[in-house]
Structure formats: C-alpha cells, structure tokens
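I have placed the structure first, in the form of structure tokens, so that the comments after it can refer back to it.
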Amino acid sequence: MAHIDIERRELTATLVVFGAARAGKSSILRCVHDRAAPARLGDFFPLGTPPSGVPLLDWLPLELGVIGGWRSRVNIYGVPAERHADTTRRLVLSNADGILFAADSQASRLAENLEALRSLQGQLLDRDGDVRDVPIVFLYTKQDLPAEMILPPESLGDALNFRGAPSFACDALRGVGVLEALHAGVTRMMRRLAPARDP
C-alpha cells in the first residue's frame, strides 16, 4: 500500500510487474531503466540469490515529480513466478497499488498466462478490500516474434483481459509499448490514490 507523508506532502506507491515465468518481467524493468530520464531513476536492483540463481526480486525506484502538489515516486517490483519466490511475491503483492501484467504472446504459452492470472487473482484475494480496486494494465510481450508463433493482441485480450483494462503490444528488448504501458499503469494508480492523498 502507498506510503503517504502528509507533513512533507510525499507519496510513495508500489507497482508490481506480474506474469508467468519467462514472460519478460525483468526485461520490462530493464527497458524502463534504460529509457526513462536519468534524473527520475534510481538503480535497478536484482535482489537475493537463491540456489536456482534467479533473483528473488527485481526493484526499480522511479521519481515521478510533483503531482497535484505532492512529491511522488513509485517502486516498481518484478518477482519471479518460480516457487522459491512465493513468500516474496505474496509480500510484494500485499502492498501493491497497481499491477502490470506481462503476458507472453507465444501461442504455446497461453495456458501459463491463464494460470499466472489465476494466481494473481488468488493472491490479491488475500488482501483487504476488492480485487477490482487494484488497477491493472496488460503488456503483451514478445510481439516481435514471427507471426506464426504468437497470438495477436486482440486474441490475448479476449482470453485474459476480461475487465477491459488498458493493454499494450510490447517488445521489451526494443522498448516498444513499455513506457506507454507504464504511463497508463501509473496514471490509473495515482487516480485511485487521489482520495487517500487529498482527504
């Protein structure tokens, strides 16, 4: 949940990049780090080194500037889908103010995308409040692969995006669609936080 310092008029929110294994979560964070204005960025941190060698957490702090008279920042987290990160993933999701859902566009990965979405919904149910209160934006990753390997965004939307959330075709390696999706996610998140920010 967002940390709000009324005296200093500062707000720090949490945005979680979620998705199936190898859907491109770390690539999305690296893309943001490589393309956002340097003055707005903290360092990109892969944290933890379990026996698998996969970090327990990717973290990227991002300064948003002054929004509505409040100095605003967002911590962007990406957590691996593997079982060794279950506890970390639940902890990060318990504090999420918004979600970027990375869906692998490969047709062969549709079942894994659906399972990741079910997992996300189940873990959000552990929180207080309505799951639908957490803004979500979909990134359909790997849209640069050959057409015969992938599903088009419309098909992915029909299968995954039943709430009609914003969605973006994405190629994280070349930066296509990533910053646009981030902007949409941050905008929706900040709108949701406005009542808490301005009581």
Within the bounds of region 2-25, is there any residue that is at pLDDT 85 or above and part of a helix (DSSP H, G or I)?
yes
Lone qualifier among LEU173, LEU145, LEU179, LEU117 - being assigned to a helix (DSSP H, G or I), surrounded by fewer than 19 Cβ atoms within 10 Å (Cβ to Cβ) and either in contact (Cβ under 8 Å) with a residue 24 or more places away in the chain or in contact with a helix residue (DSSP H, G or I) (Cβ under 9 Å, 6 or more places away or on another chain) (or both):
LEU179
Given (1) closer than 17 Å to SER108 by Cα; (2) assigned to a helix (DSSP H, G or I), number of the condition ARG191 does not satisfy
(1)
Is there a residue in region 76-96 that is closer than 21 Å to CYS31 by Cβ, more than 12 Å from the chain's Cα centre (by Cα) and of a type in the set (Asp, Glu)?
no
Looking only at region 129-142, how many residues end up being in contact (Cβ under 8 Å) with a residue 60 or more places away in the chain and among the hydroxyl-bearing types (Ser, Thr, Tyr)?
1
All-but-one check, ARG127 against (1) in a helix (DSSP H, G or I); (2) closer than 22 Å to THR12 by Cβ; (3) touching a helix residue (DSSP H, G or I) at 6+ places or on another chain (Cβ under 9 Å), failing number (1)
Across region 148-170, which residue is surrounded by the fewest Cβ atoms within 10 Å (Cβ to Cβ) among those that are of a type in the set (Gly, Ala, Ser) and part of a loop (DSSP other than H, G, I, E, B)?
GLY164
From the list ARG89, ARG127, ARG83, which residue is out of contact with any strand residue (DSSP E or B) (no Cβ under 7 Å at 6 or more places or on another chain), more than 20 Å from VAL178 (Cβ to Cβ) and crowded, with 22+ Cβ neighbours inside 10 Å?
ARG89
If a residue must be within 25 Å of GLN121 (Cα to Cα), in contact with a Leu (Cβ under 8 Å, 6 or more places away or on another chain), in contact (Cβ under 8 Å) with a residue 60 or more places away in the chain and assigned to a strand (DSSP E or B), how many such residues does region 53-106 contain?
11
How many residues of region 83-110 are over 29 Å from ASP144 (Cα atoms) and touching a helix residue (DSSP H, G or I) at 6+ places or on another chain (Cβ under 7 Å)? The answer is 3
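The values are calculated or read from the model by the stated rules, or taken from the named source; none is laboratory data. Remember, it's a predicted structure, so these values are computed and weren't measured experimentally. Methodologically, a virtual Cβ is constructed for each residue, glycine included, from the backbone with ideal geometry; neighbour enumeration extends over all protein chains shown.
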